[in-house]
Amino acid sequence: MPRVFGGAPKCANCEKSVYAAEELKALQKIWHKMCFKCTHCSKKLTPGMETEHNDKPYCKNCYGKHYGPKGVGGGATAGCLTTDTEDNAVSKFKNTHESKNTVSITAQEKCYTCEKTVYAAEKLVVLNKVFHKPCVKCKACSKTMTPGEVLEHDDEIYCKTCYAQDFGPHGKV
């Protein structure tokens, strides 16, 4: 954060002085609130909701389009396709004999509960098993759980209440 002796820090975007009332801290830099915007589309960004590439802020849409996986969905679907560099992103759909640009599908993980493909954005690993977030449900009562609430019995997951009722001590001496 460059500072001028006795002056305010400089904005990472416009390099003008940033005073306390207009200061925004993000990406380990100081910005004017109005200067913290997507490098590509100029959409105003919210700290913590931005992505970064080459030390510049991007909205999630622009980041996905320019630096995310190439192929299906124009970069909007993450987790199933390999990425090309931006320099190689001329055409993803040419015949592979004409171009070195190829789209390859990687092996997909399946949800333990519903057995459908789990993509990175919806993946949750609980007790070394892969789930969609909404599929982490108690076997007995179907309550949706967070990873910290899950208990296991005979390779099935249960909430703490159902586990205690079904498999916990029953007061027998």
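Every read-out reported here was derived from the displayed coordinates using simple, explicitly stated rules and does not represent laboratory data. Fair warning: this is a prediction, and the values are worked out from it, not measured in the lab. Positions of Cβ are backbone-derived with ideal geometry, glycine not excepted, and every protein chain shown enters the neighbour counts.
Here are a few things to note about the model shown:
- Within the stretch 30-60, the set of residues being out of contact with any His (no Cβ under 9 Å at 6 or more places or on another chain), closer than 28 Å to ALA121 by Cα and crowded, with 18+ Cβ neighbours inside 10 Å comprises PHE36, LYS37, CYS38, LEU45, GLU50, THR51, PRO57.
- Cross-chain or 6+ apart pairs with Cβ under 9 Å, the stretch 22-41 first and without any contact (Cβ under 8 Å) to a residue 24 or more places away in the chain, then hydroxyl-bearing (Ser, Thr, Tyr) and crowded, with 19+ Cβ neighbours inside 10 Å: THR39/TYR58; CYS41/TYR58
- Scan of the stretch 112-130 for residues that are within 15 Å of ASP155 (Cβ to Cβ) and out of contact with any Asp or Glu (no Cβ under 6 Å at 6 or more places or on another chain), ordered by number: TYR112, THR113, GLU115, VAL126, ASN128, LYS129
- Answer from VAL130, VAL136 - the residue that is of a type in the set (Val, Ile, Thr), in contact with a Phe, Trp or Tyr (Cβ under 7 Å, 6 or more places away or on another chain) and without any contact (Cβ under 8 Å) to a residue 24 or more places away in the chain: VAL130
- Of residues in the stretch 150-173 being surrounded by 17 or more Cβ atoms within 10 Å (Cβ to Cβ) and not hydrophobic (A, V, I, L, M, F, W, C), the one nearest to GLU109 (Cα to Cα): TYR158
- Those residues of the stretch 102-161 which are among the basic types (Lys, Arg) and outside any strand (DSSP E or B), in sequence order: LYS116, LYS133, LYS139, LYS143, LYS160
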